[in-house]
Amino acid sequence: MAGETELDDLLAAAGRSRMTPSDALMARVLADAEAMQPPVPSALPERSVPRPAGFWQRLTEAFGGTGALAGVGTAAVAGLAFGLMQPSTLSVVTGGYMTIEDTADTAADTADEALFPDMTLFLTEDQG
Amino acid sequence: MTDARDPLSEAPDEALLVLYARGDRQAARALTLRLTPRLLGYASRLLGGDRAEAEDVTQEAMMRLWRVAPDWRQGEAKVSTWAYRVVTNLCTDRLRMRRRRGGTEAIDDHPELVDGAPGVETRMIAADRMAALEAALAALPERQRQAVVLRHIEGLGNPEIAAILEIGVEAVESLTARGKRALAALLEGKRAELVDGEG
């Protein structure tokens with residue numbers, strides 16, 4: 001049997017050798033490649049129809065522009081803040097008309113009544 | 001070293017195929033120059049040295065590559081692995097048809113050596129040795145021949161050969177080992193002739 005080293009050398013030599021394709025074969029392969037090549041994608045066409053306005057764009061236009069919409073937004077945030085504030089923080093308003101004792105003396109000393117005092121307090125005439 | 005003349009020469013096969021699919025003609029040329037000699041040599045050895053038939057198989061394999069290029073799934077398989085598999089299957093079909101017709105496998109032709117040999121005598125000896133090898137390869141069972149050529153001549157790793165032949169790595173190792181033993185036995189008959197040629 002042929003020696004393993006000899007066989008390996010022979011196989012290695014075969015691996016180093018390459019068949020040279022004929023010019024005709026190369027031409028045929030390249031012709032196939034050209035014939036089957038997908039076309040180069042062209043540039044995207046100009047957009048002829050304007051895009052429909054989006055939700056935010058339409059909303060902004062309805063309020064008269066970005067500035068007006070910002071003002072409305074600010075007012076909305078301020079209103080929300082007033083609504084969420086604790087009633088006790090408004091005592092600076094009601095404190096001038098009624099004292100804590102006044103509210104404590106009433107039967108219903110709820111926060112609502114402290115915030116909105118009885119109308120009689122404002123209608124009482126000064127007898128002095 | 002980067003070839004400054006051809007920026008595509010260093011690009012991976014897959015990148016060239018993607019470029020081809022996007023309309024790059026230079027990529028097609030680079031891929032053709034890279035793959036065609038390898039596929040032609042492999043096909044020629046599987047077909048027992050029938051060069052004309054090997055050229056047809058190579059052209060068909062490359063045509064299938066161009067066709068599949070737009071739908072190529074990147075990262076799934078190496079382009080060369082895919083191409084070797086196509087050549088393997090095409091050659092198997094042709095050998096089957098040849099057997100049905102009762103034809104014989106051509107073993108006279110063999111790849112010409114392109115690496116330089118120092119002298120005429122040395123070249124003749126080398127050609128004789130190569131002819132003996134090609135004849136022995138042609139006499140191997142088909143699957144052993146495929147495995148031996150891919151492993152020892154094309155220089156591929158066992159996992160890639162397994163992917164090409166669509167078998168397990170262990171089966172590749174077995175085919176390669178048996179193929180080499182058979183090859184050595186077939187060359188034994190030529191041994192005296194080879195030794196005489198060298199002497």
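Just so you know, all these numbers are worked out from the coordinates, no wet-lab data involved. Just so we're clear, the structure is a prediction, and the values are computed from it rather than from any experiment. Cβ coordinates were reconstructed from backbone atoms using ideal geometry, including for glycine residues, and neighbour counts include every protein chain displayed.
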Partner shielding of A:3-14, taken as the mean number of other chain Cβ atoms within 10 Å, equals 6
Which FRET efficiency, nearest 0.05, do A:V40 and B:R96 yield, Cβ-Cβ r, R0 41 Å? 0.50
Residues A:R16 and B:A185, FRET efficiency given R0 of 25 Å [Cβ-Cβ distance, rounded to 0.05]: 0.55
Cut-off is 10 Å between beta-carbons; in what order do B:V68, A:V72 appear when sorted fewest neighbours first? A:V72, B:V68
